[in-house]
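Working notes for the structure below.
Every number in this text was worked out from the coordinates using simple rules, so none of it is lab data. Just so we're clear, the structure is a prediction, and the values are computed from it rather than from any experiment. Note: ideal-geometry Cβ built from the backbone for every residue, glycine included; neighbour counts use all protein chains shown.
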Amino acid sequence: MLSLLMAIIRYRGFISGAVKRDFQARYRTSMLGAVWLVIQPLAMITVYTLIFAEVMKSKLPGVAGQYSYSIYICSGLLLWGFFAEICGKGSSLFIDNANLLKKVSFPRITLPVILVLTSLINFAIIFGLFLIFLVLIGDFRFMQLLLMVPVVLTTLALAAGLTMVLAVLNVFFRDIGQLFTIVLQFWFWFTPIVYPLQIIPQWARGVVEMNPMAITVGSMHDIFVNNQAPQWIPLLNVSLVGFLLMILGLYLFRRHSGDMVDEL
Amino acid sequence: MSDILTLRNLGKSYKQYPSKFSRLIEWVFPFLGIRHTKKWVIRNISFDIKKGETIGIVGVNGAGKSTLLKIITGTTQPSEGEVVCNGRIAALLELGMGFHPDFTGRQNVYMAGQLLGLNTDTISALMNEILSFADIGEYVDMPTRVYSSGMQVRLAFSIATAVRPDILIVDEALSVGDVAFQAKCFRRINDFKEHGTTILFVTHALDDIVKHCHRAILLDAGSIAMSGEPRAVVNEFRDRMFGKSKKIESSSSTNITTTADDEWQLSRQDLFHTKPLYQKIEHRWGTRAAEITDFIIKSKDESYPSTLNGSEEIEIKFRCVFHEAIKSPIFGLLLKTPDGISLYGASSRELMPDSIGSVDAGSVVDFTFKLKMHFNTGPILLSIGLTHIDELGNDEPLDRRYDAIMINIDNKKKFIGLVDAETECVIEVEK
């Protein structure tokens, strides 16, 4: 454990360089550059708002301002995007970097660290825009920013834990990567992001409440839509799940990292 | 001098599963027992390398050289045993692999440097040195995707050797790049050597091993077959690769003379491919109405000599078994370099016309060529063939065995070119 931390510290130059290059690489060859970083989620939010706002408006609890559905969808969707980016790329993390892993000797633990940092910065940029929007419509409170930190960290723990487990397993069982993209689709619609929890029939609520992402997304809704503190106990449980996954992932990683290069 | 690198009982195996699902079963139900079989690539490798030594590793393709180097550099983990290394390793393997095609050379220098564990300030300080050594001019600020492969290797070499490592691992990869740059690389490697860097290098250029190494290690089928004085190891390797040569015993004892005579006994069964010096790369073709089934090569004091000194005469005798009656068979011989240049070729048609008329079906003919092997250092591939002229007057090959035998020449005389013209000099000065 300590040696992993030491490796991360020793290779901090590589990590920060790789994060920087990841952003440069994505937008270097396009003319609009970093603008695409914003356009993509903006387009998605517009689509969801246009389609669902009309359908859902009457059903949103405590219908307040004209932007309430937009706030509802943004706060949830951006957090989901953060989660999905880490897990989606994470499940094929070692496979995508096969060339590097096979040819160069460096601490492999830096790869998930780079992924998490990149996604975190991405999330910060997009969420920053959302916050500007909140300020403009006069719906922003500083307290919200403080309250969302544990929610984001919990999501991060969950995503990182899942990534470690999936990334290792996927090297040995490639079906996992294929399966997980499908699972992620179902998971998205199984989480109250574009629709409110209330429209789910009573008997299915219990199942949804077992979904850790429903809890973190729900916390975002509590903070930004209902202007209240999230429920801490369920959130704590989710972060516990995240840590357990991380321990499992690290165990798998340490046990199989020797065989991993042979399979790539 | 202290040991800088110690390998103890090193082994690497790959797991082979009988089916795709057996791995899953093994992972999910470990108590059901192990389902994989282990395929050992290298095993029981132990050696110590002292600081400042230069070690050469030789072995045929697949002997496990690359796997061994990969374990030492750390890209592959050993399955058993351990590597203890007291210093920084730089590996000149797979040069330029880490380059990102969309980034400029300069950015890639940072990236590759960081991968080596250098920090940004160090890289910035070394940047000028790296770029001037790579000598890629204005390409520095262009994306590496427009680089030629030579430029990529040059840049990668400069980065990998920007800081003097304690151990340098050099693979044959270095043969890329032009001659001038190669010379520059070797100068730098020599410079490292003088400053105490330990060098581990793998090559098929056996002369380089003898010239540069303190010690050589011969890998065969994944284990150390021999380790020690470079010349002895290289000779052992040649013997293994080209087939073992047998010393001809002196004929003082009658008993041994008979054995020597036995060696001239050629087989009617096709034992050609079992003989020393035989090359599996052979290209064999013809109607096989008659077949070449066996051969022997003798020099003055050896049969099947793997190495000749370039001033010797050899005899090549081969047996032809005729399955059909052949009107006038022609026996041929061709000597080539591995890159396909013909050194010498001749056949019985020119050398001894009307020697043999027609041959009956079922008869056996042994044919011997005696020739002087006055060539320069390097391997020579021998082809032998049996042809005849068919009814239409065309050559029809019966059994041609191209590149079937390899002999190595190690000529002490220094001259340019392939053939020793045995020049003599006369100088006359007028008073």
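Some values worked out for this structure:
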| read-out | value |
| --- | --- |
| Cα→Cβ-extended label distance, 7 Å offset, between B:Ser227 and B:Thr120, nm | 4.4 |
| Order of A:Phe94, A:Phe186 under a 10 Å beta carbon neighbour criterion, fewest first | A:Phe186, A:Phe94 |
| FRET E, pair A:Asn227, A:Ser3, Förster distance 35 Å, beta-carbon r, rounded to 0.05 | 0.20 |
| Spin-label pair B:Asp239/A:Tyr27, simplified geometry with 7 Å Cα→Cβ offset, distance in nm | 6.8 |
| Most mobile of B:Val140, B:Val28, B:Val234 in a GNM of chain B (Cα contacts under 10 Å) | B:Val28 |
| Relative contact order (%) - the stretch B:35-193, alpha-carbon pairs under 8 angstrom, separation at least six | 27 |
| Size of electric dipole in the protein assembly as shown: Cβ of Lys, Arg +1 and of Asp, Glu -1, about Cα centre, debye, nearest 20 | 2660 |
| Chain A - percent relative contact order, Cα under 8 Å, separation 6 or more | 28 |
| Most fluctuating residue given options B:Asp207, B:Asp178, B:Asp410, as computed from a GNM of chain B linking Cα atoms under 10 Å | B:Asp178 |
| FRET efficiency for B:Glu424 and A:Leu264, using Cβ-Cβ distance with R0 set to 56 Å, rounded to 0.05 | 0.35 |
| Förster radius 22 Å - calculated FRET efficiency between B:Glu391 and B:His323 (Cβ-Cβ, nearest 0.05) | 0.75 |
| Among A:Leu264, B:Ala63, B:Gly222 the positive-end extreme of the charge dipole of the protein assembly as shown (Cβ point charges) | A:Leu264 |
| Simple spin-label estimate for B:Ile341 and A:Ile137 in nanometres, 7 Å along Cα-Cβ | 8.1 |
| Choice from A:Ile45, A:Ile182, A:Ile114 with maximal GNM fluctuation in chain A (Cα, 10 Å cutoff) | A:Ile182 |
| Ascending count of other beta-carbon atoms within 10 Å, so fewest first, for B:His374, B:His273 | B:His273, B:His374 |
| Violating pairs (Cα-Cα greater than 18 angstrom) within the set A:Lys102/B:Lys20; A:Lys103/B:Lys39; B:Lys298/B:Lys370; B:Lys20/B:Lys65; B:Lys336/B:Lys372; B:Lys372/B:Lys413 | A:Lys102/B:Lys20; A:Lys103/B:Lys39; B:Lys20/B:Lys65 |
| Between the stretch A:214-264 and the stretch B:58-96, the Cα center-to-center distance that results, in Å | 37 |
